[in-house]
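Working notes for the structure below.
The values are calculated or read from the model by the stated rules, or taken from the named source; none is laboratory data. Nothing here was measured: the structure is a model prediction, and the numbers come from that model. In this analysis, Cβ positions are derived from the backbone assuming ideal geometry, glycine residues included, and neighbour counts consider all displayed protein chains.
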Amino acid sequence: MKFKTYTYILFLLISTFTYAQVKFDAKVSKNKLGVNERLRIDFEMNQDGDNFNPPDFTGFTVVGGPNQSVSNSWINGKRSFKKTYTYFLSPKKRGTFTISQATINIKDEIYKTTPIKVEVTAAVDIPKDPNDPNYLASENIHLVAEVSKTNPYINEAITVVYKLYVSPKIAVDNWNEIDTPRYNDFWSQNINTQGQKVQNGTYKGEDYRYLVLRKTVLYPQKTGKLNIEPLTLDLSMRVPTNRRDIFGSLLMTRINKTVSAGNKTINVKALPNAGKPADFTGAVGDFSLDVSASKSELDASESLQLKVDVSGNGNLKLFKLPKISLPSSLEVYEPEHEENVRTNLGGMQGNISDRYTVVPQYKGKYPIPSISFSYFDLKTESYKRLSSDEIVINVLNGPSNNTSSTESNVNSNNKQAVVLSSDQFSFIKTKTNFYSIKQQHFFKSNLFWSLLLLPFLVIPLAIFIRKKKATRDADVYGNKIRKANKLARKYLGNAKKSLGKKEAFYIALEKALHNYLKAKLHIETNELSKDKIKDLLSKKGVEDTVIEDFKSILESCELARYTPIDIVTMQEDYDKSAKTISLIDKQAR
């Protein structure tokens with residue numbers, strides 16, 4: 001009995017000893033660090049395990065790792081084993097953070113580390129230790145954001161160029177963006193920098209190599225102090241040490257470092273109120289205006305193209321072109337908007353235009369009044385106005401419009417002289433070329449019998465078609481659906497053809513929605529306000545959710561010029577538009 005007891009106790013002691021031999025610990029390089037410093041954390045175990053799960057590292061960005069190392073050694077016949085997972089962390093902000101538990105499976109048992117608290121303080125001065133690789137890296141690599149102008153006017157183009165300066169002492173192996181700037185309150189356009197080569201230059205008077213990483217053109221859309229967020233990179237580099245190899249060359253050590261361009265603040269000025277024209281729509285830059293007609297003479301019911309074009313350098317995509325005003329005798333269709341704009345470091349350049357199709361109804365001469373366009377000139381810091389010449393359209397042939405024709409009336413009492421022709425009598429032929437033909441009888445011919453029997457053959461077909469039509473007419477709900485779907489396809493046809501072309505698609509989509517409302521609600525284009533649309537649709541019994549969907553589509557069309565849109569979003573907007581038009585047509589009374 002005693003032997004069994006001793007055996008049991010010995011077994012427990014051996015098991016406890018074996019269990020105590022397993023170690024799994026987390027160790028940090030420091031428990032307190034500045035926001036501009038790095039933290040190293042090692043997860044060590046003395047026995048091999050599987051399914052290692054690191055913590056989520058809340059409050060930190062993983063800038064390196066996991067790096068895995070394994071060591072085996074035999075000392076006095078005893079085996080020593082150590083396996084380590086290493087991470088390098090960069091603090092996101094100041095505060096006290098807890099690195100939670102990591103877990104691993106060792107011999108079918110789950111082991112966990114102890115949570116560790118780490119305090120992150122304000123940025124600290126990095127000790128000037130020429131032998132410290134991190135100090136050497138911070139002194140020899142710089143990410144700079146160069147802003148072309150810090151006090152622009154609203155809608156004036158500025159550029160931000162991000163350059164990475166690297167000292168010849170440092171070798172950068174690779175880099176990746178860990179924080180891309182978001183340009184809130186700006187219209188932005190990135191310039192392609194692919195294929196940029198490393199160049200030689202200077203930074204604070206010293207020789208450096210630099211690479212242009214990103215170029216962005218910004219148009220501020222708001223006055224006051226605006227913040228340009230920083231670009232942040234994680235760099236893998238090789239830094240020289242104070243040790244040398246057998247040939248006398250400096251040995252390099254590999255480190256990871258986070259560099260940031262820092263926040264940039266610009267002070268955006270409002271445009272002056274003094275001298276601001278009443279028709280000013282926000283154009284800022286240097287522009288020219290051209291108004292032209294494809295024809296100056298034509299007949300009634302023929303069409304001509306009237307083009308309003310603004311070209312130059314400025315915020316071409318961010319303002320509206322002036323509208324034309326024509327006599328009521330000229331039928332005018334909704335304009336086709338065209339943009340031929342390229343963006344470089346100088347801002348937007350090119351031209352935008354509205355092309356109107358005009359169809360005269362009556363003959364006469366119709367003047368197209370001068371069109372005026374105003375903009376803010378950055379060179380003189382003043383407002384300028386451009387005006388086109390008057391264009392006269394001469395309609396030669398067509399019905400008269402007594403109420404509006406500008407042609408002089410012909411006096412009905414005026415008599416015209418009779419002009420006598422010298423050849424008043426034509427030659428009369430005395431012989432004919434008549435010839436006899438064989439008389440054919442219609443009665444009892446093949447055509448006669450065919451026409452006689454045709455009604456008896458058509459009657460059953462007519463009865464069948466009539467029954468089908470009656471069944472279809474009785475299906476009131478189905479007819480409504482078919483009519484609504486047909487109407488949606490009719491108005492959205494042009495938009496579907498432009499899928500994949502952002503600006504053309506949303507212009508066609510907006511035009512289709514406006515034309516549908518004009519046809520459905522019997523209103524003109526100048527009456528298309530969101531509040532009026534809502535009131536009219538509500539009176540016709542359209543549900544509020546459908547009205548809100550319609551308004552949201554219109555807002556998407558307005559915002560599409562200033563935001564990046566992919567083809568998936570375009571397809572969703574197209575499907576939503578077709579569904580909404582169909583629902584309005586079914587619900588409207």
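Among the residues of region 265-284, not a single one is modelled with pLDDT under 85, exposed (fewer than 12 other Cβ atoms within 10 Å of the Cβ) and not β-branched (Val, Ile, Thr). Scanning region 31-62 for residues that are in contact with a Leu (Cβ under 8 Å, 6 or more places away or on another chain) and more than 18 Å from Ala102 (Cα to Cα) returns Leu33, Arg38. Determine if region 120-133 includes at least one residue that is in contact with a helix residue (DSSP H, G or I) (Cβ under 8 Å, 6 or more places away or on another chain), on the phi > 0 side of the Ramachandran plot and either in contact (Cβ under 8 Å) with a residue 60 or more places away in the chain or surrounded by 12 or more Cβ atoms within 10 Å (Cβ to Cβ) (or both). Within region 120-133, none of the residues are in contact with a helix residue (DSSP H, G or I) (Cβ under 8 Å, 6 or more places away or on another chain), on the phi > 0 side of the Ramachandran plot and either in contact (Cβ under 8 Å) with a residue 60 or more places away in the chain or surrounded by 12 or more Cβ atoms within 10 Å (Cβ to Cβ) (or both). Kindly provide the set of residues from region 21-47 that are of a type in the set (Gly, Ala, Ser), assigned to a strand (DSSP E or B) and at pLDDT 85 or above, ordered by number. The one that is of a type in the set (Gly, Ala, Ser), assigned to a strand (DSSP E or B) and at pLDDT 85 or above: Ala26.
Where in region 107-223 are there strands (runs of 3 or more DSSP E), lying wholly inside it, with at least 1 residues that are hydroxyl-bearing (Ser, Thr, Tyr)?
Passing ranges, in order: 109-112, 116-121, 158-166, 186-191, 199-203, 206-220.
Which one is modelled with the lowest pLDDT, of the residues in region 48-57 that are part of a loop (DSSP other than H, G, I, E, B) and surrounded by 16 or more Cβ atoms within 10 Å (Cβ to Cβ)? Across region 48-57, the extreme among qualifying residues is Gly49. Here Ser100, Ser69, Ser73, Ser90 are screened, and the one residue that is of a type outside the set (A, V, I, L, M) and more than 28 Å from Leu235 (Cα to Cα) is Ser73.
Checked against (1) of a type in the set (A, V, I, L, M, F, W, C); (2) farther than 30 Å from Lys269 by Cβ; (3) in contact with a Pro (Cβ under 8 Å, 6 or more places away or on another chain), Ile154 meets all criteria but (2).
I'd like to know if region 247-254 contains one or more residues that are assigned by TED's automatic domain parsing to the domain that holds Asn151 and closer than 21 Å to Leu345 by Cβ. Checked region 247-254: no residue is assigned by TED's automatic domain parsing to the domain that holds Asn151 and closer than 21 Å to Leu345 by Cβ. Being assigned to a strand (DSSP E or B), touching a Lys or Arg at 6+ places or on another chain (Cβ under 8 Å), in contact (Cβ under 8 Å) with a residue 40 or more places away in the chain and closer than 25 Å to Gly282 by Cβ, is that true of even one residue in region 235-252? No, because not a single residue in region 235-252 is assigned to a strand (DSSP E or B), touching a Lys or Arg at 6+ places or on another chain (Cβ under 8 Å), in contact (Cβ under 8 Å) with a residue 40 or more places away in the chain and closer than 25 Å to Gly282 by Cβ. Restricting the first member to region 25-46 and to residues that are polar (S, T, N, Q), and the second to residues that are part of a loop (DSSP other than H, G, I, E, B), the beta-carbon pairs closer than 7 Å and six or more apart or on different chains are Asn36/Ala123; Asn36/Val124; Asn46/Val22; Asn46/Lys23.
Restricting Glu206, Glu177 to those that are acidic (Asp, Glu), without any contact (Cβ under 8 Å) to a residue 60 or more places away in the chain and exposed (fewer than 12 other Cβ atoms within 10 Å of the Cβ) reduces the list to Glu206.
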